[in-house]
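Undergrad: Take a look at the following structure, please.
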Amino acid sequence: MSPNAASGSRNSYSHVAIGLHWLIAFALVATFALGLYMHELPLSPQKLKLYSWHKWAGVTIFLFVVLRLGWRLAHRPPALPAAMPAWQRMAAEATHVLLYLLMIAVPLSGWLMSSAKGFQTVWFGLLPLPDLLDKNKELGDLLKEVHEALNFGMAGLVLAHLGAALKHHVIDRDDVLSRMLPFLAKTVPGELK
Ligand code: HEM
């Protein structure tokens, strides 16, 4: 077994998988916070500018999630600890699948909402993205509710995901968290180092 925990060995995630995990995690939190803040603001050039930044960030996250899914298909993640009870294993795998589905569905629902509301997204003000739907006010309003609901669903699942990772580290004292945060890797005689 290779000495370095983040080397892509069977027991850890690759550098790329770890990098994409944290890059997307921080971008999601920032885009979520911006979404909550901007939608409460009174209409102004400042609000419209924040809406553009939000959309650019959301579309960029969407592209990174697609890249991450491609990498994951080509680089299988390490197996969960053998000592993990079957129900926890199933819950972990179901959470991972749901998080990937939501990381695709949240930005897609935003893009569909903007299209139906008749606001084309011009990525970074440079690349006009195709409207995925014709203008339809009722559908736009419905997709706004969908965007909000998916976002709060994702936030709840992320908190459960975070809680589970901390439980593994503090209570189970296994390497589940240190596989995604290599500097936490505990020295187990003859194993990780
Ligand atoms: C993964 C990335 C994204 C996250 C985490 C996210 C999150 C949010 C959140 C939390 C809100 C406020 C919801 C509310 O309280 O009503 C919001 C609003 C909004 N989002 Fe996103 N969003 C993302 C991607 C996108 C994309 C890609 C677009 C469009 C291309 C978009 C367009 C909008 C618009 C237009 C609003 C304001 C709706 C309104 O109140 O009029 N979002 N977003």
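Undergrad: Give me, ordered by chain and number, the residues 5 or more places off L132 or on other chains with an amide H under 5 Å from its own placed amide H.
TA: So L132 has HN proximity to S115.
Undergrad: For V122, list long-range residues whose amide hydrogen, built 1.01 Å from N in the peptide plane, is under 5 Å from its own amide hydrogen.
TA: When sequence neighbours closer than 5 places are left aside, the close amide H contacts are L129.
Undergrad: Please list the non-local residues whose amide H lies under 5 Å from the amide H of S12, H modeled 1.01 Å from N, same-chain partners needing a gap of 5 or more.
TA: none
Undergrad: Treating the angle as unsigned and between 0 and 90°, give the value, to the nearest 10°, between the Cα long axis of helix 86-116 and the longest Cα principal axis of the chain.
TA: Taking Cα atoms only, the helix is inclined about 20 degrees.
Undergrad: To the nearest 20 Debye, how big is the dipole of segment 3-184 about its Cα centre, given +1 on the beta carbon of each Lys and Arg and -1 on that of each Asp and Glu?
TA: 340 debye
Undergrad: Related question: Can you pull the percent of the chain's accessible area that's carbon plus sulfur, 1.4 Å probe, other chains left in place?
TA: Carbon and sulfur together cover 72 percent of it.
Undergrad: Towards the positive end of the charge dipole of the chain, with charges on Cβ (+1 Lys, Arg; -1 Asp, Glu), say which of P42, W22, H161 has the farthest Cα.
TA: Comparing the listed Cα positions along the dipole, W22 ranks first.
Undergrad: Provide the per residue accessible area, probe 1.4 Å, for segment 3-184, rounded to a whole number of square angstrom.
TA: Roughly 59 Å² per residue, with all protein chains present.
Undergrad: Note down the nm distance, to one decimal, between modelled labels 7 Å out along Cα→Cβ at A155 and at L127.
TA: Here the modelled spin labels are 3.0 nm apart.
The values are calculated or read from the model by the stated rules, or taken from the named source; none is laboratory data. Computed from a predicted model, the values in this text were never measured in an experiment. A quick note on method: Cβ atoms are made from the backbone with ideal geometry, for glycine too, and the neighbour counts reach across all protein chains shown. Just the protein is used for accessible areas: all its heavy atoms, side chains included, with ligands, DNA and RNA removed. Shrake-Rupley method; radii C 1.70, N 1.55, O 1.52, S 1.80 Å.
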